[in-house]
Structure formats: structure tokens, C-alpha cells
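Each value in this text was obtained by applying a stated rule to the coordinates, not by laboratory testing. Values in this document were obtained by computation on a predicted structure and should not be read as measured data. Virtual Cβ from ideal backbone geometry, glycine too; neighbours counted across all protein chains shown.
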Amino acid sequence: MIARFNRVDAGVRYMLFASLMFAVMGVFAKLLSASMPSLEVVFFRNVFGVAIVAATLLKHPMEHVGGRPILLLFRGLMGFLALLAFFYNIAHIPLGDAMTYSKTSPIFTALFAWLFLKEKLGPWGWAALLVGFVGIVLIAKPSGLVLDKSAWLGIFSGAGAALAYTAVRELKQYYDTRAIVLSFMGIGTIGPLILMAVSPWVDMPELDMIFGQFVMPEGMTWLYVLLMGLFATLAQIYMTRAYGATKAGIVGAVSYSNILFSIALGLLVGDPFPDMWTWIGIICIVAAGLAVAQGGRKG
């Protein structure tokens with residue numbers, strides 16, 4: 001009994017630390033966005049991870065059957081686009097709001113699993129989805145029936161990540177986990193390089209979340225780049241440890257602490273304190289995510 005409690009306690013502690021590291025990563029991404037386009041921030045975020053995963057391959061080569069290259073490419077592309085939307089929002093809206101949008105992915109994952117994987121979604125599951133979408137509206141605060149760019153990108157950051165996660169559930173049967181991770185980080189490294197290369201010839205200000213010219217980091221900016229990569233890596237490591245230490249449902253619930261950490265750290269870099277409707281929206285999204293994770297798919 002004591003050993004079981006210690007495993008749960010370790011998983012909670014690991015996930016709390018990972019959530020804090022993700023929030024700190026967001027702070028450095030926000031600081032970097034003041035001097036470079038979001039596209040470039042995404043590049044530096046991913047190139048750091050590619051180097052780390054590639055280093056593991058030298059010691060332990062991949063072992064998998066393969067056979068689903070299109071789905072692997074789709075997972076990488078959707079993950080990259082979702083991350084691009086997420087980092088753009090980090091630069092333009094409060095960090096807590098950007099993180100909350102990204103935490104809608106479990107809600108969309110349940111919906112996509114019902115659509116594409118034919119998983120059951122019972123009455124409580126549908127109720128949870130409705131509550132989650134109400135939360136999204138409360139945070140987005142649409143003017144009439146019109147959502148602004150950050151709201152649409154926020155929704156896409158959650159939905160795009162959910163599509164990527166749904167693909168991962170299928171890909172795990174065919175590929176080494178590192179191959180799946182590299183499909184995301186590899187595209188997230190090469191994609192920005194291509195987009196930054198063509199950006200000087202593109203004059204479309206409304207697509208500034210996709211295009212942006214490379215800005216050579218200078219002085220403290222290099223330190224921010226390194227720290228962003230370091231904290232992102234620590235977050236991934238401890239999140240993985242958390243899921244290995246205790247039940248996924250417990251770890252998933254604790255992961256929502258990321259929102260509170262992001263709000264607190266966002267205040268330190270000039271974000272406004274969330275208003276009442278934003279807090280209600282956050283509560284709705286967290287409640288919906290927890291409900292789906294804890295059995296919303298049961299009939």
C-alpha cells in the first residue's frame with residue numbers, strides 16, 4: 001500500500017515539475033518573440049529536440065516494422081502546425097490563455113477518436129465536450145459570432161494537437177516512439193527553414209503566423225534560445241517519467257497545473273490578470289478534459 005502511494009506521489013511530483021517547466025519554456029518563447037518571428041522560435045524549439053533524439057539513436061538504433069509513412073507524415077505535419085499556432089499565441093496573447101487553448105486537445109482527441117477510430121462516446125462524454133466548447137467561447141470572447149485570429153489559432157492549437165495524438169495511437173503499433181517524435185520535430189525543424197527562406201518574397205501580413213524572416217539572435221537572445229530548449233527538454237523528460245510512475249488519469253489531471261503556472265509566470269512578464277469569464281472558461285475546459293479522461297467515453 002505504501003509502495004503504491006509512493007509511486008502515485010512520484011508521478012504527481014514529476015508532472016507538477018514538468019508542468020512548471022512547460023510554463024517556463026513558454027516564458028522564454030514569449031521573450032524570444034519580442035525579437036524574432038514565431039516561426040523562428042518554433043525552429044529553435046524543435047532543433048534542440050532533434051539533436052537530443054538523434055543522440056539516442058547512436059546508442060540504441062530504432063526497431064520497428066513501419067509501413068504507415070503517410071500517417072507518420074500527417075502526425076508530424078499536424079504537430080508542427082499546432083505548435084506554430086501555439087507559439088504565435090504565446091507571442092500575442094496572455095501565456096495562460098495560450099496554454100489553456102492548448103489544453104483543449106483531450107477534448108478534441110475524444111471527438112476525433114469517435115469520428116476516426118470508432119471509439120464510443122457516451123452521454124457524459126458528449127456533455128463534457130459541450131462544457132469544453134463553452135469554456136473555449138468564454139476565453140475567446142467573440143464579438144458577436146466572430147472570433148479573432150488568436151482565438152481561431154488557439155482552437156487549432158488544441159485540435160491540431162488532438163489530430164496528431166489520434167494518429168500516434170495508431171502509429172505506436174508500427175513505429176519506434178523516437179520515429180514518431182522525430183516525424184514531428186523533424187518537420188518542425190525543416191518546415192520553418194523552408195518558410196523563412198521564401199518569406200522575403202511573400203507579402204501577406206495576415207499570414208504572419210506562417211511566414212517570417214530569419215533574425216540572427218544576439219547577446220542575451222542566445223541564452224533565451226538555450227534556456228527554452230533546456231526547459232522544454234526537462235518538461236518532456238519529467239512528463240514521460242510521470243506517466244511511467246502512476247496512472248495516466250492521475251498524471252493527466254495534474255498536468256492542468258500548467259495553466260496556473262503559466263498564468264502566474266505570465267504576470268511576471270506583463271500579462272494582465274485573467275477576468276472572471278476567463279477563469280470560468282478555464283474551469284470549464286479543465287472539467288471537460290478531466291471528465292473525458294476519467295470515462296466520458298462510456299455509455
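Backbone amide hydrogens, once placed in the peptide plane, bring residue 119 within less than 5 Å of 114, excluding anything fewer than 5 places away on its chain. Taking other Cβ atoms within 10 Å as a rough exposure proxy, 201, 277 sort from fewest to most as 201, 277. Only loop residues by DSSP count here, and only those with at most 14 other Cβ atoms within 10 Å; note down the GluC sites (Glu not before Pro) in region 128-218 that meet that. Qualifying residues, ordered by number: 218.
Each residue in 97, 203, 148 was given a count of other beta-carbon atoms within 10 angstrom of its own, and listing them fewest first yields 203, 148, 97. Applying the criteria of a DSSP loop state and at most 11 other Cβ atoms within 10 Å to the trypsin sites (Lys or Arg not before Pro) of region 204-299 yields 298. Computed from the Cβ-Cβ distance with R0 of 30 Å, the FRET efficiency linking residue 287 to residue 146 stands at 0.70. Sorted ascending by nearby beta carbons within 10 Å, beginning with the fewest, 68, 75 become 68, 75. Residue by residue, region 257-266 carries 3J(HN,Hα) couplings of 4, 3, 5, 5, 4, 5, 4, 4, 6, x Hz when phi is fed to the Karplus relation 6.51 cos²θ - 1.76 cosθ + 1.60 (θ = phi - 60°); x denotes Gly or Pro. Rounded to the nearest whole Hz, the Karplus-based 3J(HN,Hα) values (6.51 cos²θ - 1.76 cosθ + 1.60, θ = phi - 60°) of region 106-122 follow the sequence x, 5, 5, 4, 4, 5, 5, 5, 5, 6, 9, 9, 6, 7, 6, 9, x, with x at glycine and proline. Taking Cβ atoms as reference points and 14 Å as the exclusive limit, the residues near residue 56 contribute a net charge of 0, counting Lys and Arg as +1 and Asp and Glu as -1.
Using C-alpha pairs below 8 Å separated by at least 6 residues, the relative contact order for region 2-293 is 44 percent. Applying the Karplus relation 6.51 cos²θ - 1.76 cosθ + 1.60 with θ = phi - 60° to region 61-75 yields 3J(HN,Hα) values of x, 5, 9, 7, 8, x, x, 10, x, 5, 5, 5, 5, 4, 4 Hz, where x marks Gly and Pro. Under the combined filter of DSSP loop state and at most 13 neighbouring Cβ atoms within 10 Å, region 77-184 retains these trypsin sites (Lys or Arg not before Pro): 118, 120, 172. For the chain, the alpha-carbon coordinates run over 54, 54, 38 Å along the three principal axes, in decreasing order.
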